[in-house]
1. With a 1.4 Å probe and all protein chains left in place, how much accessible area per residue does segment 166-296 have, in Å²?
2. Roughly what % of DSSP beta bridges within segment 180-296 run antiparallel, to the nearest 5?
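The values are calculated or read from the model by the stated rules, or taken from the named source; none is laboratory data. Source: prediction; values computed, not measured. Accessible surface areas use protein heavy atoms only, side chains included; no ligands, DNA or RNA. Shrake-Rupley method; radii C 1.70, N 1.55, O 1.52, S 1.80 Å.
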Amino acid sequence: MRSAVVVSAVAVATALGCSSTPTRSDGQSSGGSAGDAAAAGSAGTGELAGSGGQAGSTAAAGSGSAGDAGASAGAGGGNAGAAGSAGSAGTAGEAGSAGSAGSAGSGSGLLVPDTEHCAPVAAVADTWTALEDELLTLINEQRALGGSCGGTAMAPTSPLASDPALRCAARLHSADMAARDYFSHGTWDEAAATCTTSDECSTLDARNRCYSQNTGALPMRCLRHPGSRMVDAGASLTLWGENLYPGSLSPADVLAGWLASSSHCQNLLSPSFSHAGLGYSPGGSFDHLWTLNLAD
């Protein structure tokens, strides 16, 4: 585990920018253009319960008459004939079984899109999903309160809706950073061209920006930027942002680190963002890696 924790963020902007003052939370931000953010998956509709079956008709009881008494013997004192036996009662019909209730639908919104691109992160540990959900809850609680980001007052604003495509992109990036042991907004590529400014990269490929392998490290290279990863995952967006955090398993610690950095804090509390996706992954020399993708 690395002793120094550096956090990275991408803030709301129309062009890529980086925090010039690295703190515990080194912020970076950028915006991209496209359509509206993809809506979260709709919950499955429950099926109606099945109607109960009608009870079977009851058979009428038998109504056999008693046998007529035997005719009297003729004169001469013969005994009267014995009375006939009573008819047996008819057997009652059994009631029909009630129909079983239909099963209720169990559909729910997908956590990530059901696509080949998102398949590697479709089934992660339940504890990881719970951590992601907990952090989004904490972020939305803070958005309801508002706050101050580096001296800039941020008014209370509406909650972020969890978006499957953004969650996919965030999970994939956290998993990639953990597996290949880097910490960057760019998808690391050792063979990518070196750069000093993002303009050098975007003129070659609009999907690229200039990033280091780890915040502050050199050389910097032309790497795929966060907005491009979000679109790859299926997001439709007009504006995007990204926060990164390494080194802690605690959602409360992650939130505190982001709030302590002006650029991260502004991403979290900005009314310009309406949708979010969080991705957590353990691993690498940082032990724990978090990605928050934001969009509108």
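1. On the way: 4190 Å² over 131 residues.
Per-residue value: 32 Å².
2. On the way: 23 of 24 bridges.
The answer is about 95 percent antiparallel.
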